[in-house]
Each structure stands twice: as structure tokens, then as C-alpha cells.
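Below is one structure, written out as C-alpha cells; comments come after it.
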Amino acid sequence: MNHLAIYTLTSELHDREAVGAATRTFLAGLGVDYDFRDNDYADYGTHALDVIYVRTGGTEGVFLKLLPLLTSRSQRPFYLLTSGQSNSLAASMEILSYLRQQGLRGEIIHGSAPYVARRLGVLTKAGVAQQRLSGLRLGVIGEPSDWLIASRADAGAVKAKLGIDLVSVAMSELLEVIASTPLREVSEACADEAVRASLPGACQIYDALRVVIDRHALQGFTLRCFDLLSAVRNTGCLALARLNAEGIVASCEGDVPAMLSMAMAQALTGVSGFQANPARTDAERGEIVFAHCTIPLDMTMRYELDTHFESGLGVGIRGYMAEGPVTIFKVSGDLSRHFIAEGELVSNGAEPGLCRTQQLIRLADASLTTYFTTNPIGNHHIIMPGHWREELDTLTR
């Protein structure tokens, strides 16, 4: 089964043979893979993207009769494809206007063949990501860190909009598992004696998190990681870096909105993204320095081990990511807001006064730097390789 299905909507007044020939010509010119369902809507709502091809005018009444069936099978936006022939655009506009009046979402996909093909590709990628998110179980290990006063989540909204279940796991459970997990020899090399001495404990945290993940059937989690500093004199930075690289979304500091943003990034791109906080902004140059002490290892060209910045304890990660296109992303805890900005990773840093992994990013739109100083969604943001604005904008609708 293809991820894209195209269903048709046709007036009985039009010659079916002529409409069929025009349909074959139009769809062949798009050069996309799809399942063709003609007037059969039996499996509507089962694909990553279901598109209604409004082939002619005079189809508004036909659509109105179909609407109860369609809304019972899918809560996603309606996507109306039109070639612009036989008054199809006019009919699509009337249908979309009616949908908006009913509080329903929709979009008309219309334009040149390259534009339509690209837009269908974007919508399909977002639809696949939505399918991957639905049914996920994401753990909250410990409460959000005390300083994250604006970074709580609405579990009901998360379930309703993304299909994700948030699972509470007591920090005491993780600490008990750590205590019962044996230390093991590690192969990581590091010249710093303090870091080298902390590596067995950092790997013990990784092994314990694996136990908790399996016990609760989690596909990801956020960890109140600073509690580990006092409890076991070590950090979760290395464990999170490895788990993210293995496909387990792993977020720091109990930040649930950051975890949700990372899950959405992974569902869309295959990488969880770098959770970091801005250290400096330059509105005139449109530049921001982001920093944090862990980064998914699959996002790095190379990395170095260091201590955790604030505490000087445990094992932190200084990762170096390939320079080039990036996207900065964040959703709010109730999913009512989001921020998306495309830019370029200009350089990786290693300043002694910041968290270990440091990135200088220049935004494509310099005016967006004011968001961070006037209307931010918390402090942590997610940095993803590549430009994903359109796909993320679709996924967050």
C-alpha cells in the first residue's frame, strides 16, 4: 500500500470517459506514487495522506453527502486536489468554504505539476510522521525540573492531538534499578582521568534506563537528570546521547514539551534532534548560540567526552555536527503553539563557559531572533539537520 491515496469526486453531468482520460493525463504528469480509489471511499482515512481529487464542477452536493462518512473515518484536514479543468477549482473553493464554516480544516492543492507534486510530498511525509507518533508511550521519569516553570504538558491534549500516551515513572524506581545494576567495563577512551573514572557509572545509568524502558514499554522518555548528580554523583548525558542514536527519544531535565518536539522531529526525519538552550542571540546578524551537555551521537561527525558543565561531575558530550542547513523547532505543552525557524549551522564551539556541545546558528529570517526575547516557548529548543519548515508546519496543525 502506498502512503498516498487519491479518491475522486465527479459530477454525473460530465462525460465519464472524457473525465477518465483527463484524470490519467493529469495524474501521470505529477510523477508521484499513489493508490487510486476512484469513487470508492471504503478505506478513506487509512493512508498517511488521503486526497480528494475534485475533477469537475457541480460536485459540492456530492461531497456534502459524503461528509458524514469521511468525518467518521478521519479527523485530519481535507485535502482537495484540482487540475483547474472543468470548473474543479471553483467547486473546491465552495467545498473548502463550507468546511471552514463547520469548523473543519482543509486545503486546496492546486498549481503547476511540480508544485502539486512537491506539496503532495510534503503532506505525505507529515502524514507518515503522524502515523508513527500515534500510539507512542513516552515516559516522564521524575517530575520536570524545578526551574522549568513554563514547561509542563497537557496529557489530554497530547493524547487527542498526537495520539501519544504520557507515562509517569517515579525517579525512585530508576534509582533502585541503578543500584541493582552491576558496573561493567567500558571501551570509551578519554584522556581526562575524572571523566574516565565516571564512565562505568555513566554506562550503569544507560543500562538501568534500558531496564525501565523495557519494563514500561516506552518508545521514549524525559529524565529529571539533575537528580542523578546528588543521588549517584553522575549524569545521564552519555546515556541520553546513546539512546537517542538508537531510536529511543531521550530528553533532558524532565522537559515534556522538549520531549514531544524531539518525538515529532524523529518521526519526521529519523533523528531525535539536539535539545539545547540559547546562550546568546544577535538580532542584527540573526545569529544564536545554542548549548547543552548531550547530543544524539547519530547527529555528530565526531564527539569528545568531558565533564558535565554546571557540576563538573560525570560525563558530558561535546558533539560536532556537520555545518549546513538546520531547523529549530519547539511545541508548547498543550500543543497550541509552535516555533519553526530554518537556518544554517555556521560553526561548532568549545567555549569553557558554556555547556559542552555548542552551535552557532544563523537564521534565514533574522527577525525571528526576537521570538527568543519576546515570546519564547520555554528555554529548550530542538535543532534538526535539514530544512523542515513546511513538513513541521503541516504536522503541528
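A compact table of results
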quantity: Count of segment 21-58 residues which are surrounded by 13 or more Cβ atoms within 10 Å (Cβ to Cβ) and farther than 10 Å from THR8 by Cα; calculated: 18
quantity: Residue satisfying all of: in segment 149-197; in contact with a Leu (Cβ under 8 Å, 6 or more places away or on another chain) and of a type in the set (Gly, Ala, Ser); farthest from ALA250 (Cα to Cα) among these; calculated: ALA157
quantity: Residues of segment 210-231 that turn out to be aliphatic (A, V, I, L, M), in a helix (DSSP H, G or I) and farther than 17 Å from SER145 by Cβ, as a count; calculated: 3
quantity: Within segment 61-164, helices (runs of 4 or more DSSP H) holding 2 or more residues that are assigned by TED's automatic domain parsing to the domain that holds TYR44; calculated: 88-101, 113-133
quantity: Cβ-Cβ under 7 Å pairs, at least 6 apart or on other chains, segment 1-26 side in the same structural domain as TYR41 (by TED's automatic domain parsing) and more than 17 Å from LEU66 (Cα to Cα), far side of a type in the set (Gly, Ala, Ser) and at pLDDT below 95; calculated: LEU13/GLY58; HIS14/SER86; PHE26/SER83
quantity: Tally of residues being buried (at least 22 other Cβ atoms within 10 Å of the Cβ) and of a type in the set (Val, Ile, Thr) across segment 283-321; calculated: 5
quantity: Cross-chain or 6+ apart pairs with Cβ under 6 Å, segment 334-356 first and surrounded by fewer than 18 Cβ atoms within 10 Å (Cβ to Cβ), then in a loop (DSSP other than H, G, I, E, B); calculated: ASP334/ASP154; ARG337/ILE377
quantity: Any chance GLY353 is out of contact with any Leu (no Cβ under 8 Å at 6 or more places or on another chain) and assigned to a loop (DSSP other than H, G, I, E, B); calculated: yes
quantity: Single match in THR327, THR300, THR294, THR281 (criterion: within 25 Å of SER134 (Cβ to Cβ), among the hydroxyl-bearing types (Ser, Thr, Tyr), in contact with a strand residue (DSSP E or B) (Cβ under 9 Å, 6 or more places away or on another chain) and at pLDDT 95 or above); calculated: THR327
quantity: Residue, nearest to GLN131 (Cα to Cα), within segment 261-272, restricted to residues that are among the hydrophobic types (A, V, I, L, M, F, W, C) and in a helix (DSSP H, G or I); calculated: ALA267
quantity: Members of segment 273-304 that are free of Cβ contacts under 8 Å to residues at least 60 places away in the same chain and in a loop (DSSP other than H, G, I, E, B); calculated: PRO296, THR300, MET301
quantity: Candidates GLY220, GLY201 - the one that is in contact with a helix residue (DSSP H, G or I) (Cβ under 9 Å, 6 or more places away or on another chain) and closer than 22 Å to TRP388 by Cβ; calculated: GLY220
quantity: Segment 330-351: number of residues that are over 18 Å from MET259 (Cβ atoms) and either at pLDDT 95 or above or of a type outside the set (A, V, I, L, M, F, W, C) (or both); calculated: 10
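The values are calculated or read from the model by the stated rules, or taken from the named source; none is laboratory data. In this text the structure is predicted, and so the values were computed from the model without any measurement. Here Cβ is always computed from backbone atoms with ideal geometry, including for glycine, and neighbour counts include all displayed protein chains.
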